[in-house]
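Contents: one structure, followed by commentary.
What follows is calculated from the coordinates using simple rules that are stated; it is not laboratory data. Please read all numbers here as calculations on a predicted model, not as lab measurements. Cβ sites come from the backbone with ideal geometry, for glycine too, and all protein chains shown count toward neighbours.
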Amino acid sequence: MDIMNIIVCVLLFSGLFFLTGGAVGILRFPDFYSRLHPAGKLDTLGSFLAMTAFALFNLHHFSLGALLTSLKILLIVVFIFLASPTATHGIVDAGVRAGLAPWTKGEKRR
Amino acid sequence: MKIIGLIITVVTGALLFYAAGDFPAWSDPASPASTYLSPHFIEKTMEETSVPNIVTAVLADYRSFDTMFETAVIFSAGVVCFFLLRISRREDEEPETRYYRHVLTGVTIQLKEGHKMPPSADFERIDSMWTPPDLIIKTGCRLLIPFVQLFGLYVIAHGHHSPGGGFQGGVILGASVILLAISHDLRTAVRRMSEKLIGILCAAGVLIYACTGALCLLLKLNFLDYSALAGILHVDPITARSHGILMVEIGVGIAVLATMIWIYNNISSAGRYRQGL
């Protein structure tokens, strides 16, 4: 068990932690806007950590091809980082423009 | 009329079900497809076409004729969408009211009775349903669109070696322009790719495919037998088949790209090419 494996495991499990938190949040939060919050934030962070773990694990047998694959995995992370929060922002924006009022404390969940 | 349609549908469906009984059983090892066709493709594709991806070779070489008409189907889908939905301005309609927005200040000017403003960099023409595009979404999409297009080109060109090809790459390329239309407005996207250009590209894609086939015919081999291109491309006949596949994939990509945008433009604006349904 070398140091690399430990790092990969830690990254993978923390990614899993955030993804699970995101899933729980989508199910439990009371309204449209607050449900989008975990969907936009935790999924991005969770996939960032998990993908970094994959990229590191892929470098176990170091070669130019493996490095290229790892770089491609990291590119996926970059694009998720750009696209996912932008999409969430777009959906929230559409909700505001359609006139959906945000949930306040004491109201029923919807 | 409806009853006749129903009867025709039921009879055709019953005939199809009756005929389906004659098919060889699912994954039957003794069926003609499994006894000589699949083994031939699996064993001989590499030495006959030098394409590692068997699916691409079957799609664009062995069954090229089929794929050509699939492309034609996509082309006709775009054309049908255009003919059914597109509403052009009629003569007897009252003159259009145009809106122009000053880009820097956001002041909007209304010009009635068909008056026009000379084209200038300060003003952009907008529609009555126009809503200001969000800065974050605009910037995010501006960053993403070039990479989406690059990936689309990669998928078309790399179809020989990895999953992909003309249809998939064309869809990705079309999606990048649709993303522009969503994040900005339809007018911006149409300014980049006018309706005329889309129509021409749509037909040109199918034409490239058919012309590649006809070229093989002119060079004294069968229609779409790419080994005929060896003389023009200065390569051996096997590599020529690989290059021929790339040529038709490019044609397919262009046709699919244009059709995607054409269908989106017509459906999203109900044929009026204006913002908002």
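Take the alpha carbon gyration tensor of the protein assembly as shown, find the square roots of its eigenvalues, order them as a ≥ b ≥ c, and report rounded if a/c is under 1.5; if not, report prolate when a/b exceeds b/c, else oblate. Cα axes put the protein assembly as shown in the oblate bin. Sequence-ordered 3J(HN,Hα) estimates for segment B:158-170 from the Karplus curve with 6.51, -1.76 and 1.60 and θ = phi - 60° stand at 9, x, 5, 10, 9, x, x, x, x, 5, 5, x, x Hz, glycine and proline given as x.
On the beta carbon distance between B:Arg63 and B:Phe17, with R0 = 22 Å, the FRET formula returns roughly 0.25.
Residues of segment A:3-28 with the amide nitrogen closer than 19 Å to a label point 7 Å from the Cα of A:Leu59, along Cα-to-Cβ, please. Output list for this probe position: A:3-15. Sequence-distant contacts, meaning Cα pairs under 8 Å at least 6 residues apart, place the relative contact order of chain A at 30 percent. Estimated from helical segments only, the mean residue ellipticity of chain A at 222 nm is -29000 deg cm²/dmol, where each DSSP H run of four or more residues counts as -39500 (n - 2.57). For B:Asp127, the residues whose modelled amide H falls within less than 5 Å of its own, excluding neighbours fewer than 5 places apart on the same chain, are B:Gln275. Listed values for segment B:211-227 are Karplus-derived 3J(HN,Hα) couplings in whole Hz (6.51 cos²θ - 1.76 cosθ + 1.60, θ = phi - 60°), namely 5, 4, x, 5, 4, 4, 5, 5, 8, 6, 10, 5, 4, 6, 8, 5, 5, and x replaces Gly and Pro.
Taking other Cβ atoms within 10 Å as a rough exposure proxy, B:Tyr100, B:Tyr18 sort from fewest to most as B:Tyr18, B:Tyr100. Note on B:Val55 and B:His40: their simple-model spin labels are 2.2 nm apart, each label 7 Å out from Cα toward Cβ. Among A:Phe62, A:Phe32, the ranking by other beta carbons within 10 Å of each residue's beta carbon, starting with the fewest, stands as A:Phe62, A:Phe32.
Going by the alpha-carbon gyration tensor, a ≥ b ≥ c the square roots of its eigenvalues, is segment A:11-96 rounded (a/c under 1.5) or, if a/c is not under 1.5, prolate (a/b greater than b/c) versus oblate? Since a/c reaches 1.5 but b/c is at least a/b, the shape of segment A:11-96 is classed as oblate. For segment B:1-104, the Stokes-Einstein estimate of translational diffusion at 10 °C and a viscosity of 1.306 mPa s comes to 79 µm²/s, using the Kirkwood hydrodynamic radius over alpha-carbon pairs. If R0 equals 30 Å, the separation of the Cβ atoms of B:Leu218 and B:Lys196 corresponds to a calculated FRET efficiency of about 0.50.
The HN-Hα couplings worked out from phi for segment A:20-31 by the Karplus form 6.51 cos²θ - 1.76 cosθ + 1.60 (θ = phi - 60°) are 5, x, x, 5, 4, x, 4, 6, 9, 5, x, 9 Hz, whole numbers, x standing for Gly and Pro. Each of B:Lys112, B:Lys44, B:Lys138 was scored by other Cβ atoms within 10 Å of its Cβ. Listed from fewest to most, they are B:Lys112, B:Lys44, B:Lys138.
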